[in-house]
1. Which members of region 12-59 meet the condition of being loosely packed, with under 10 Cβ neighbours inside 10 Å and of a type in the set (S, T, N, Q)?
2. When M1 is evaluated against the numbered criteria (1) exposed (fewer than 10 other Cβ atoms within 10 Å of the Cβ); (2) modelled with pLDDT of 75 or more, which criterion, by number, is the only one it fails?
Amino acid sequence: MGLKDKMLYFYCRHRPSKSNMQIATAFMPSAGYFGAAALLTLVYYTDWKVIAGYIPLYNTKFPKPEGKDAK
């Protein structure tokens, strides 16, 4: 029995009801905001320079190279 068959068996055996689907749909925006906040927190605390350079006011921490000679 492959993984696909196991997942199909699990889904068919434990099919979500209509109320469960409504609860999950109502929770999606909250989960999205929570995930976005977690991602921004990760970027802030790890100083991920590639991403943090695009955050307004925070990108002043990383000075831009001046002139053609500086890298």
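1. The answer is S17, S19, T25, S30.
2. (2)
The values are calculated or read from the model by the stated rules, or taken from the named source; none is laboratory data. Bear in mind that the values here come from a model prediction, so they are computed numbers and not experimental data. Please note: Cβ atoms are built from the backbone with ideal geometry, for glycine as well, and neighbour counts cover all protein chains shown.
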